[in-house]
Amino acid sequence: MKYLLLVHHNEEAFNKIPEGTREDMLTESIRLCHQLDSNGQYVHASPLQPEATETIVRVRDGKPIITDGPFMETKEQLAGYFLIDARDRD
């Protein structure tokens, strides 16, 4: 069964974290990918672009409507995802 694990963060707060701590967080994320892969659970993972580059594409009457800007009016943004294959959600 496939599961999509969504990673959210507050971009403004994240950018205030010291660079070394952010690098440690990235290293831990990569370590998780390797662990999932060695368990045969890794399918795909990826960070997403910063909020300033967000674009929404909707299709209405067969035509794409493209809108720049944040999808939701929240402090937290979708920052990335992990797609995994697991026996169950536990």
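No value in this document is a laboratory result; all are computed from the given coordinates. Please read all numbers here as calculations on a predicted model, not as lab measurements. Neighbour counts run over all protein chains shown; Cβ positions are idealised from the backbone, glycine included.
Restricting everything to alpha-carbon atoms, can you work out Rg to Rh for region 1-56 with a Kirkwood hydrodynamic radius?
1.02
Among all the aspartates and glutamates, which ones have a C-alpha under 17 Å from K2's C-alpha, if same-chain residues fewer than 8 places away are not counted?
Straight-line reach from K2, under 17 Å: D37, D85, D88, D90.
Using only helices, what value at 222 nm comes out for the chain when you add -39,500 (n - 2.57) per DSSP H run of length 4 or more and divide by the total residues, to the nearest 500 deg cm²/dmol?
Calculated mean residue ellipticity at 222 nm is -9000 deg cm²/dmol.
Roughly how many debye, to the nearest 20, is the charge dipole of the chain about its Cα centre, given +1 on each Lys and Arg Cβ, -1 on each Asp and Glu Cβ, and no other charges?
With only Lys, Arg, Asp and Glu charged at Cβ, the dipole is about 340 debye.
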